[in-house]
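Taking it in order: structure first as structure tokens, then the write-up.
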Amino acid sequence: MPKIILATTSPYRREAFAFLGIDFEAVGSEVDESKVERKNPEELVRQLSKMKAEAVAKNYSDAIVIGMDSVGCFNGKILEKPKSKEEGLERLKNLSGKCYDFYTGVYMINTETGKEAVEVVKTEISIRNLSEAEIRTYLDEDPDFNKYAHGYDIKNKRSSSFVSKMNGSYNNALMGIPLEIIPEMLAEVGYNQ
């Protein structure tokens, strides 16, 4: 059985993938994401997940390498990670009382057989009405708010209450990995548990 390699350094994705009970290693891909056109969110995550997997796959002859990438999209605009508290404040004020989409691309390649599989999963996330005071409190309390494509940590004890509902993959929105599609994709590229 080929080894499973996640082309990621994300602790959240590693933690989530471990729920599947499959042995794996995690290796960073060092892909320069800034060189990819950022217009269509589905195309963006599809392309970046493939680039990440291929960057790691070239170092293995008998492995299944999995690349992933996630991005939010609001009113047709891709949501980049906020660079400052001011940008985080504006992001959450804009999302307050509205819905946005969260996309994750998953690309797998079996380096021995060349078999590939790719999926893009979309989750619609609704944010309840937020006061500026509670947004500021959250941003002051969570120094890592700028590590998320949402602009907030959906698992944080305070900001988890920002989400009023989700339509689509819960795992996608919460951990940036739609776990429910992984077993079928692995089977598609030749991995059998």
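Values computed for the structure shown
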read-out: Single residue of segment 77-125 satisfying the filter (closer than 24 Å to residue 159 by Cβ and part of a loop (DSSP other than H, G, I, E, B)) that is modelled with the lowest pLDDT; value: 80
read-out: Close pairs (7 angstrom Cβ cut-off, 6 or more residues apart or separate chains): within 11 Å of residue 181 (Cβ to Cβ) and among the aliphatic types (A, V, I, L, M) in segment 99-120, open to solvent by 10 Å² or more (accessible area, probe 1.4 Å) and not in a strand (DSSP E or B) anywhere; value: 106/181; 117/188; 118/46; 118/50; 120/42; 120/46
read-out: Residues located in segment 126-135, provided they are open to solvent by 50 Å² or more (accessible area, probe 1.4 Å) and either in a strand (DSSP E or B) or touching a helix residue (DSSP H, G or I) at 6+ places or on another chain (Cβ under 8 Å) (or both); value: 128, 132
read-out: Filter pass, residue 156 being over 25 Å from residue 19 (Cβ atoms) and surrounded by 15 or more Cβ atoms within 10 Å (Cβ to Cβ); value: no
read-out: Neighbours by Cβ (under 7 Å, 6+ apart or cross-chain): first from segment 77-90, open to solvent by 100 Å² or more (accessible area, probe 1.4 Å); second assigned to a loop (DSSP other than H, G, I, E, B); value: 81/148; 81/149
read-out: Pick from segment 101-120, criterion out of contact with any Gly (no Cβ under 9 Å at 6 or more places or on another chain) and crowded, with 18+ Cβ neighbours inside 10 Å, ranking: farthest from residue 62 (Cα to Cα); value: 117
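The values are calculated or read from the model by the stated rules, or taken from the named source; none is laboratory data. Since this is a predicted model, take the numbers as computed values, not measurements. Positions of Cβ are backbone-derived with ideal geometry, glycine not excepted, and every protein chain shown enters the neighbour counts. Accessible surface areas use protein heavy atoms only, side chains included; no ligands, DNA or RNA. Shrake-Rupley method; radii C 1.70, N 1.55, O 1.52, S 1.80 Å.
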